[in-house]
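The values are calculated or read from the model by the stated rules, or taken from the named source; none is laboratory data. In this text the structure is predicted, and so the values were computed from the model without any measurement. Cβ placement follows ideal geometry from the backbone for every residue including glycine, while neighbour counts extend to all protein chains displayed.
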Amino acid sequence: MSQFFQIHMENPQQRLIRQAVDFIRDGSVIVYPTDSGYALGCHIGDKMALDRIRSIRQIPPAHNFTLVCSDLSEIANYARVDNTLYRVLKAVTPGPYTFILPASREVPRRLMHPKRKTIGLRVPSNPIAREMLLELGEPIMSTTLILPGETMPESDPYEIRQLLEKKVDLVIDGGYGSIEPSTVVDYTDGVAVIARQGLGSSEPFL
């Protein structure tokens with residue numbers, strides 16, 4: 001049976017933030033809010049938790065996981081980012097964007113796309129997610145909470161609790177989320193390609 005934390009969406013309670021981060025450090029799979037919808041998350045180094053997320057979402061081996069980061073300096077640790085790309089990312093983060101970038105050596109191979117050696121990276125604006133990242137001190141390994149057979153992310157924390165109470169360890173209620181996922185921008189070849197149009201505008205990349 002999963003735990004259920006109600007965390008204020010604008011002024012997150014630090015006690016609950018610390019407890020949520022303890023769940024991540026202890027190998028748990030959590031559901032948490034982002035600025036575009038709810039996500040599944042776990043510790044970047046926990047293979048068992050990653051496998052649980054794969055099972056929940058029923059995603060193929062080639063799925064690009066996302067490292068949700070606190071700021072651009074973290075992104076630069078996990079991806080190859082030149083000065084031009086850095087300026088582009090700076091202009092649109094934090095926000096509802098996920099960037100597919102060539103992974104650095106800091107990224108565990110199991111998180112990369114097996115052939116392209118890429119990784120998804122994101123800096124959210126959601127206060128709960130940001131406070132968790134600051135407390136954790138490293139990225140959260142994440143993927144959008146889109147359940148098998150569905151095309152849009154889950155947005156109701158109470159429904160999520162009912163659907164996943166036996167499959168995850170913690171559900172964070174941060175209010176109703178967006179029904180749109182993040183916009184995915186693929187920079188693998190150095191040119192912006194909109195791989196998925198979501199909540200974020202594609203205009204900055206045209």
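Taking segment 1-53, which residues are surrounded by fewer than 16 Cβ atoms within 10 Å (Cβ to Cβ), touching a residue at least 60 places away in the same chain (Cβ under 8 Å) and of a type in the set (Asp, Glu)?
If the condition is that a residue be surrounded by fewer than 16 Cβ atoms within 10 Å (Cβ to Cβ), touching a residue at least 60 places away in the same chain (Cβ under 8 Å) and of a type in the set (Asp, Glu), then Glu10 is the only one that fits.
So which strands (runs of 3 or more DSSP E) stay within segment 142-206 end to end and still have 2 or more residues that are touching a Pro at 6+ places or on another chain (Cβ under 8 Å) and touching a residue at least 60 places away in the same chain (Cβ under 8 Å)?
170-173
A quick yes/no check of all residues on (1) surrounded by fewer than 20 Cβ atoms within 10 Å (Cβ to Cβ); (2) closer than 24 Å to Leu170 by Cα:
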| position | (1), (2) |
| --- | --- |
| Leu72 | yes, no |
| Ala76 | yes, no |
| Ala91 | yes, no |
| Ile100 | no, no |
| Pro114 | yes, no |
| Ile128 | no, yes |
| Glu138 | yes, yes |
| Ser142 | no, yes |
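For segment 152-164, does any single residue satisfy the condition of being exposed (fewer than 14 other Cβ atoms within 10 Å of the Cβ) and polar (S, T, N, Q)?
yes
Return the residue satisfying two criteria in turn: it lies in segment 167-183 and is at pLDDT 95 or above and closer than 20 Å to Arg54 by Cβ, and of such residues it is surrounded by the most Cβ atoms within 10 Å (Cβ to Cβ).
The qualifying residue surrounded by the most Cβ atoms within 10 Å (Cβ to Cβ) is Val168.
Among the candidates Arg122, Arg80, Arg109, single out the residue that is surrounded by 19 or more Cβ atoms within 10 Å (Cβ to Cβ) and basic (Lys, Arg). Give the derivation first.
Numbers: Arg80 fails: surrounded by 19 or more Cβ atoms within 10 Å (Cβ to Cβ); Arg109 fails: surrounded by 19 or more Cβ atoms within 10 Å (Cβ to Cβ).
Within the list Arg122, Arg80, Arg109, the selection yields Arg122.
Just to check your reading of the model, which residue among Tyr78, Tyr86, Tyr97 is closer than 30 Å to Arg161 by Cβ and aromatic (Phe, Trp, Tyr)? Steps first, please.
Numbers: Tyr78 fails: closer than 30 Å to Arg161 by Cβ; Tyr86 fails: closer than 30 Å to Arg161 by Cβ.
One residue alone meets the criteria, Tyr97.
Which of the residues belonging to segment 3-27 are farther than 22 Å from Val123 by Cβ and touching a helix residue (DSSP H, G or I) at 6+ places or on another chain (Cβ under 7 Å)?
Scanning segment 3-27 gives Phe4, Phe5, Gly27.
If I filter segment 94-110 for residues that are out of contact with any Asp or Glu (no Cβ under 6 Å at 6 or more places or on another chain), assigned to a helix (DSSP H, G or I) and either among the acidic types (Asp, Glu) or modelled with pLDDT under 95 (or both), do I get at least one hit?
yes
Say whether the condition of being within 29 Å of Gln3 (Cα to Cα) and either without any contact (Cβ under 8 Å) to a residue 12 or more places away in the chain or not hydrophobic (A, V, I, L, M, F, W, C) (or both) is met by at least one residue in segment 104-116.
Among the residues of segment 104-116, at least one is within 29 Å of Gln3 (Cα to Cα) and either without any contact (Cβ under 8 Å) to a residue 12 or more places away in the chain or not hydrophobic (A, V, I, L, M, F, W, C) (or both), which makes the answer yes.
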